[in-house]
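The structure under discussion appears below in the form of structure tokens.
The values are calculated or read from the model by the stated rules, or taken from the named source; none is laboratory data. Please read all numbers here as calculations on a predicted model, not as lab measurements. As a convention, Cβ positions derive from the backbone with ideal geometry for all residues, glycine included, and neighbour counts pool all protein chains shown. Heads up: the accessible areas ignore ligands, DNA and RNA and are worked out on the full protein's heavy atoms, side chains in. Shrake-Rupley method; radii C 1.70, N 1.55, O 1.52, S 1.80 Å.
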Amino acid sequence: MAEKDDYLIDILVDLGYVTPDKVAELRPEAQSSGVGLVDLLLANKVIRPADVTQAKAAHFGAEVVNLAEIKIPDDVIATVPRHIARKYRVVPVFKHDGSLTVALADPSDLDTIDSLNHLLRLDISLQVASEADIETALSKYYAERGGGGGVRAADPALADTIKELTEDHVDIQMGTLEDGGTIDADAPLIKLVNSIITEAFKLRASDIHLEPLAKSFRLRYRIDGMLHEMKSPPKRLQAAIVSRLKIQSNMSISEHRIPQDGRIQTSVGTKLIDLRVSCLPTNHGESIVMRILDKEGLRLGLPELGFFTDDQQTFERLIGLPDGILLVTGPTGSGKTTTLYSCLHFINRPDRKIITVEDPVEYILSGINQVQISEAVGLTFSTALRAILRQAPNVIMIGEIRDLETATIAINASLTGHLVFSTLHTNDAPSAVTRLIDIGVKPFLVASSTRGLMAQRLVRKVCKQCAAPYVPTEDEMRQLNLTVSNSQGATFQRGKGCANCSNTGYRGRFGIFEIFVIDDDARKLIYEKVSSSVLRNRAREMGMRTLREDGIRKVLAGLTTPDEVIRATMGDVE
């Protein structure tokens, strides 16, 4: 490895980027560890990536180009097809008559240059750019775009597999066993399905959607809450892909008329992940949605949820109470289950017995007894709750309160010395009270058992690597009730888009919260069965911040953008 770097080391020394003494000092370490000397110099921050780019260019007499500072016309980009640009890691920069100038990271790669000459039938001129610039440009110019903004195109391995199956017209055969199972010996299909899952995990997707349409089999990934369309598998492989996934998730492949659910456990590299699989019959075939559950990637700390210090202290006080009910509310996909898991992780101690009742159990938590609901055998929320109360738990988590029977058992448990966590589907915190009363719970039981209500939403986080100062528009300022005076000292930021965030400007999500602590006055109002608007006014008097107000705080801190908060809190307007 070190010998291969010698020509580059000499140039770096000649250009004054590193001293001969430093090279001599680090060479033995590079040889003993098997790491390239240039890589070791970079790791020790002796040189910068830009220095290496300059050295490569100098050696081959090529120019260095900063791809971020130029705009490449669409007709130039169209000269190099997406699969060639991604396979050979090149970006076309300039075209003139029969010649094409391309940027690449390694001008010593003669095989790539020869291949481009052959494939494009053009005279190729070289410019040199850093690997990071190449990756960013490929994401920018060759990304397939979905409804939520730019995202990089499919992984080369996935694209190559789809191309192989498309161009070679591989015939997928599914043999049948005597017991109704199937034999799938077709390696390209297995490779394709595995690549779809692997690429989704690499892109930090939470869900994989495989949707049969009239003339296509659409593949979409949900990344940071937004759907992005990817390179779709051939329509003729639809039945084979669905069958393969149904086999993996232990579903019946002979049943095409009713919805089915299953699970797949697989590994991506060294990571073990679970996929919760849902199969739904539609007009054009069976639609598959896979929820990716990364057990190792689950963050369970309260700060990671997005709490500011004051809200975190309030929340910690609520979950530290010995009894009562704490409800987390919000629509599907707003992070309620993750918040409850974080609560359990925070209070999980050897002197407490914690039992959960979930449908389904999404993550396995160490030291906690988790019960999986199975209505097929009669194990419903209510029957499971009755049984676990005989297990003498200190803390109970109920995945969701869906009916009067479950709500009644949960409230009775909270009144007999248990701390109960659960979720409800309501838009704001005070509406949870109205919802419980609507399903038939007596107001005095709600008033005496409820300790706190919290509504939450998820907003996308500004990418740290490409965040830049940003001036909100007048309309954004108006919608967030911001003025020049009340936003002094604010750090408005927006991501420009880079390889780290798949050119979207956002990476990751966090919560915005509305916490309603039930006091004696609030209990009196609940007992009197007042409307949720009256309760909301009381909560505001007590100092409760609304979802939008909490979002505004996080916009002012530069953590997210105004349009994210506006989108997430459309219903939270006074």
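Got a sec? Which of LEU321, LEU298, LEU272 is within 30 Å of LYS353 (Cβ to Cβ) and at pLDDT 90 or above?
Values: LEU298 fails: at pLDDT 90 or above; LEU272 fails: at pLDDT 90 or above.
Of LEU321, LEU298, LEU272, the one residue that is within 30 Å of LYS353 (Cβ to Cβ) and at pLDDT 90 or above is LEU321.
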Exercise. Given the structure, is ASP261 outside any loop (DSSP other than H, G, I, E, B), touching a Cys at 6+ places or on another chain (Cβ under 9 Å) and exposed (fewer than 15 other Cβ atoms within 10 Å of the Cβ)?
Worked result: yes
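Okay, residues lined up against (1) touching a strand residue (DSSP E or B) at 6+ places or on another chain (Cβ under 6 Å); (2) over 30 Å from THR339 (Cβ atoms); (3) at pLDDT below 95:
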residue: LEU453; (1), (2), (3): yes, no, no
residue: ARG460; (1), (2), (3): yes, no, yes
residue: CYS463; (1), (2), (3): yes, no, yes
residue: ALA468; (1), (2), (3): no, yes, yes
residue: PRO472; (1), (2), (3): no, no, yes
residue: LEU480; (1), (2), (3): no, no, yes
residue: ASN486; (1), (2), (3): no, no, yes
Exercise. What are the residue pairs meeting all of these: first residue in region 379-393, first residue more than 12 Å from ALA413 (Cα to Cα), second residue part of a loop (DSSP other than H, G, I, E, B) and not charged (D, E, K, R), Cβ atoms under 7 Å, and 6 or more apart or on different chains?
Worked result: LEU379/ILE373; THR380/ILE373; PHE381/ILE373; ALA384/ILE373
Seminar exercise, completed: Within region 104-134, residues at pLDDT 80 or above, open to solvent by 50 Å² or more (accessible area, probe 1.4 Å) and outside any strand (DSSP E or B) come out as ASP106, GLU131, ALA132
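Consider ASP403 carefully, then state whether it is buried (at least 20 other Cβ atoms within 10 Å of the Cβ), touching a residue at least 24 places away in the same chain (Cβ under 8 Å), in contact with a helix residue (DSSP H, G or I) (Cβ under 9 Å, 6 or more places away or on another chain) and of a type in the set (D, E, K, R).
no
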For this session: Output yes when any residue across region 482-489 is surrounded by 18 or more Cβ atoms within 10 Å (Cβ to Cβ), at negative phi, among the aliphatic types (A, V, I, L, M) and assigned to a strand (DSSP E or B), and no when none is.
Result: no
For this session: Specify the residue that is most open to solvent (accessible area, probe 1.4 Å); the eligible residues are those in region 342-374 that are closer than 24 Å to LEU404 by Cα and either without any contact (Cβ under 8 Å) to a residue 12 or more places away in the chain or of a type in the set (Phe, Trp, Tyr) (or both).
Result: SER374
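Name the one entry in ALA240, ALA205 that is small (Gly, Ala, Ser), open to solvent by less than 30 Å² (accessible area, probe 1.4 Å), in contact (Cβ under 8 Å) with a residue 12 or more places away in the chain and under 18 Å from SER502 (Cβ atoms).
Numbers: ALA240 fails: under 18 Å from SER502 (Cβ atoms).
Every option except ALA205 fails the conditions.
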Exercise. When ALA499 is evaluated against the numbered criteria (1) surrounded by fewer than 18 Cβ atoms within 10 Å (Cβ to Cβ); (2) at pLDDT below 90, which criterion, by number, is the only one it fails?
Worked result: (1)
Exercise. Does any residue in region 18-39 that is polar (S, T, N, Q) come within less than 8 Å, Cβ to Cβ, of a residue that is part of a loop (DSSP other than H, G, I, E, B) and surrounded by 13 or more Cβ atoms within 10 Å (Cβ to Cβ) six or more places away or on a different chain, and which pairs are these?
Worked result: GLN31/ALA2
Exercise. Mind checking which pairs have a first residue in region 87-115 that is closer than 14 Å to ALA137 by Cα and a second that is open to solvent by 80 Å² or more (accessible area, probe 1.4 Å), Cβ under 6 Å, 6 or more apart or different chains?
Worked result: ALA105/GLU131
For this session: Scan region 508-523 and give yes if some residue there is assigned to a helix (DSSP H, G or I) and either touching a residue at least 24 places away in the same chain (Cβ under 8 Å) or open to solvent by less than 10 Å² (accessible area, probe 1.4 Å) (or both), otherwise no.
Result: yes
Exercise. When region 185-232 is examined, which residues are found to be out of contact with any helix residue (DSSP H, G or I) (no Cβ under 6 Å at 6 or more places or on another chain) and part of a loop (DSSP other than H, G, I, E, B)?
Worked result: ALA185, ASP186, LEU203, ARG204, LEU213, ALA214, LYS215, ASP224, GLY225, MET230, SER232
For this session: Restrict the check to region 489-504 and report whether at least one residue is in contact with a helix residue (DSSP H, G or I) (Cβ under 6 Å, 6 or more places away or on another chain), charged (D, E, K, R) and in contact (Cβ under 8 Å) with a residue 60 or more places away in the chain.
Result: no
For this session: Can you tell me which residue within region 68-83, out of those that are part of a helix (DSSP H, G or I) and either acidic (Asp, Glu) or within 11 Å of TYR141 (Cα to Cα) (or both), is most open to solvent (accessible area, probe 1.4 Å)?
Result: GLU69
Exercise. Within region 84-96, can one find any residue that is more than 20 Å from ALA499 (Cβ to Cβ) and assigned to a loop (DSSP other than H, G, I, E, B)?
Worked result: no
Problem set entry | Failed condition for PRO472, given (1) in a loop (DSSP other than H, G, I, E, B); (2) farther than 22 Å from ASP520 by Cβ; (3) open to solvent by 40 Å² or more (accessible area, probe 1.4 Å) | (3)
